[in-house]
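The values are calculated or read from the model by the stated rules, or taken from the named source; none is laboratory data. In this text the structure is predicted, and so the values were computed from the model without any measurement. Cβ: placed from backbone, ideal geometry, glycine included. Neighbour counts: every protein chain shown. Heavy atoms of the whole protein, side chains included, go into the accessibility calculation; ligands, DNA and RNA do not. Shrake-Rupley method; radii C 1.70, N 1.55, O 1.52, S 1.80 Å.
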Amino acid sequence: MEGTEQRIDVSAIPVPFQRVRWQVVVISLLLVIAFTTLSCWAALLRNEILGAGYLPRGVVFLFLLLVIFVSVGQRLSLLPTFTRSELLFVFALLNSVAAISGEEFAMHFYLNMVGLVYYSSPQSQWFNLFTPHIPPWLVPSLQFRDPAILWAYEGMPEGAKMPIVEWFIPLLAWTPYFFGVCALLVFLCWLMAKQWEEHERLVYPLTQVPAELTSGDKDVSPRLLRSPLFWLGFFTALIPYSLRGLHLFFPQFPDLQLQRDAGQLFPSGPLTAFNGLQLHFYPEMIGIAYLLSYESGLSLWFFQFMRRTEIALRIALGHDMMHGEFVTYQTIGAYCVMAGCLLWIARSHISKLAKKALLLSTKRGIQGDGEEALAFWGLIGTLIGLLLWVKWVAGASILWAGLMLLGMLIVALVVARIVAETGIYIYSPPFRVNQVLFDIFGKDRVGAKNIVLLTAMSWMQIRSTATMASGYLTNTFRLGTLAGFGRGYVAFGVLVALFLTLLVCHVTVPTVIYAYSVPKLSGWAQGAPLKAANLIAQYLTTYRPLTAHHWSGLVFGVLTCWLLIKLRLTFSNFPIHPLGFVAWAGWPIDRYWLSVLLGWSVKTMVLRYGGFSLFQKMKSFAHGMIVGGPTTLTFWVLLRFLFPTQGVIIYD
């Protein structure tokens, strides 16, 4: 909705695309391996997610060190010249894989597959509930007493070898599916990149930081690192996080309680909807909000209050239950409308690419529109390949799996748009596509086997609880454009990095599980398998059909989102962005709304009293906060990895 389609076809202008030296590619892939390995260990043992955020905190930390190291090395003539494009290429690859080794895959799949067998044992309340529906080649063993299962929970006997070999067949079977889901999202973001970058000209606020960190003359350090305002913003973010880190090691240091809530504001009545309002402070999100458009910043915090106001009105009208479900189904309706709107706006772009793909018209090789046509065929081909995997490897229903994958594409499209326009640091939808299918159709229609297998399939991206790959990937393609790379070149590099990341996870995560055993892992990792088993058991043993309450929420969400889109397209000065309504529910916005409000307020006052020139000048301060927050958090995460403490710096 940012602007309208331009008449000038920018793709008609020949562009000399950049290429990366093979040495830089090797360095990038080595960094991918190192980051993935460390991220897996940190997530499983400390519950610290290095890849958290659509500007991943661990990647920002690593990239800042790389930029400083390269800058100093080149000034001293100790290193060969790294171009801006090559530095952005390194960041783009690390950014694209950041989530895989944390909450989006590695923390769930391996533990949950072992857990389904372990919790099917006679000692469990779910005896023999899951294993009859799982093909033997998809798990290390179907016997809970097998070392591959038992040792994961009860530890390895002294002198025993890790049962890693038992994972070979399951991982060989699952990897095409994992990679296919990743590839599907890569092709989706590739397909929409030109529309959003060139036609609608979206802001992509999170990509501004790595772009600024690499801008400047070749022979001197980047301009941003020479700005006093940048370092002032950096230390503004460093101080509160460092005080929290010092408090964990030395309790005599004050704890600023950066994550608190308002408590019980009202003892009873409709206004109890505002009790527990979360008042979290995130310097990086304050900086990001400063870079947003007026409408995007306003809408992100405004709809937090609108959601609670709606719940207050429901309480006043006598609806004292199921507020969360009503809001969730409103959000589902909003997602469907927003996805339809995005596709409708892009209909000319998609139609043009489809025609070129069908006619196999690639007059300029793999550049320009011919390059985007590859994304079209890649999307279709990968989807077909995934459905064939579902049928012939997993033995699940193509119908239900197809609906789940289609739902994933809808969600991924909307999430990518939210990240591209609002830049929210962490966000995921408050619903899971596979669970929505189970809720609507129930066990009798979907079938017990499909419920078990579709839930297992959802552990790659579909059951995302914090971030989704599409948010990372849409930023990656934008960075590729800023660096001067062709989108096909970026897509190929990302696919290689993603495949390499999966292989590293396959080795690292089982090794950590058997080396420590589940009871010695972080709290989140310990509880994940049981939560997954309980969730599946709930759908297998009970069925609560949707009521008019759910359907009315869905309809209300559809109408509200449609009205907001209509108003925004009709009135150019309409101050509310529909994406604020779409993103109004879930733990991320509950935690980040206050920081968005603070950043938006500062920007509004700067523009009002200082004008555009002061706003531009203060961008360096905002960039410093955005870099300083993730860098400081990563430093304390790594320190706690070596010297464990109770508690965490912040809860993601």
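Things worth noting here:
- Ligands, DNA and RNA left out, the 1.4 Å accessible surface of region 95-197 is 63% carbon and sulfur atoms.
- Residue list for region 174-193, given a label point 7 angstrom along the Cα-to-Cβ vector of residue 137 and an amide N cut-off under 11 Å: 174
- For percent of Cα pairs over 37 Å apart, the candidate list reads (i) 45; (ii) 31; (iii) 36; the entry that matches the value derived from this model is (iii).
- Each Cα pair under 8 Å and six or more residues apart adds its separation to the average, and for the chain the resulting relative contact order is 32 percent.
- Fully extended contour minus Cα-Cα distance, from residue 377 to residue 76, at 0.36 nm per residue: 103.6 nm
- Note on residue 643 and residue 399: the extension gain reaches 82.9 nm, defined as 0.36 nm multiplied by sequence separation minus the Cα-Cα distance.
- Distance (nanometres) between label positions extended 7 Å along Cα→Cβ at residue 306 and residue 246: 4.3 nm
- Cα centroids of region 406-464 and region 182-218: 24 Å apart.
- FRET efficiency, 1/(1 + (r/R0)^6) with R0 22 Å, evaluated for residue 279 and residue 567 via beta carbons: 0.10
- When peptides 100-111, 392-403, 477-488 are ranked by their average number of other Cβ atoms within 10 Å per residue, the highest-first order is 100-111, 477-488, 392-403.
- Note on the chain: with charges restricted to the Cβ of Lys and Arg (+1) and Asp and Glu (-1), its dipole about the Cα centre is near 800 debye.
- From most to least packed by mean Cβ count within 10 Å, the peptides 441-452, 492-503 give 492-503, 441-452.
- Prolate/oblate/rounded label for region 452-573 (Cα gyration tensor, a/c 1.5): oblate
- For region 20-63, the Stokes-Einstein estimate of translational diffusion at 25 °C and a viscosity of 0.890 mPa s comes to 220 µm²/s, using the Kirkwood hydrodynamic radius over alpha-carbon pairs.
- Order by protection proxy (mean Cβ within 10 Å, highest first), peptides 309-321, 26-38, 170-182: 170-182, 26-38, 309-321
- Accessible surface of region 422-564, 1.4 Å probe, proportion on carbon and sulfur as whole %: 67 percent
- Residue-normalised accessible area of region 281-392, given per residue in Å² at a 1.4 Å probe: 44 Å²
- Overall Cα dimensions of region 338-486, principal axis frame, Å, largest first: 51, 37, 25
- Calculated FRET efficiency for the pair residue 255/residue 358, C-beta based, R₀ 41 Å, to 0.05: 0.10
- In the chain, helical runs assigned H by DSSP with n ≥ 4 each contribute -39500 (n - 2.57); averaged across all residues and rounded to the nearest 500, the mean residue ellipticity at 222 nm is -21500 deg cm²/dmol.
- Entries in 161/391; 566/619; 391/443; 391/449; 443/531; 194/352 that, when Cα-Cα distance is taken, lie over 24 Å: 161/391; 566/619
- Taking the three principal axes of the alpha carbon atoms in region 562-652, the coordinate ranges are 57, 35, 15 Å, sorted in descending order.
- Relative contact order (percent, whole number), region 55-171, Cα cutoff 8 Å, 6+ residue spacing: 17 percent
- Mean accessible surface per residue for region 60-148, computed with a 1.4 Å probe while every protein chain stays in place, in Å²: 37 Å²
- Residue 69/residue 294 FRET efficiency (R0 51 Å; Cβ-Cβ; nearest 0.05): 0.85
- A simple charge model with +1 on the Cβ of Lys and Arg, -1 on the Cβ of Asp and Glu and nothing else charged puts the dipole of region 358-472 at about 300 debye relative to its Cα centre.
- Inter-label distance, residue 166 to residue 617: 6.7 nm, where each label sits 7 Å from its Cα along the C-beta direction.
- Gain in span if fully extended, residue 175 to residue 347, counting 0.36 nm per residue against the direct Cα distance: 58.6 nm
- Here the contact order of region 394-457, divided by its residue count and restricted to Cα pairs under 8 Å and six or more residues apart, works out to 48 percent.
- Expressed in units of 2.2 N^0.38 Å, where N is the residue count, the Cα radius of gyration of region 269-341 is 1.33.
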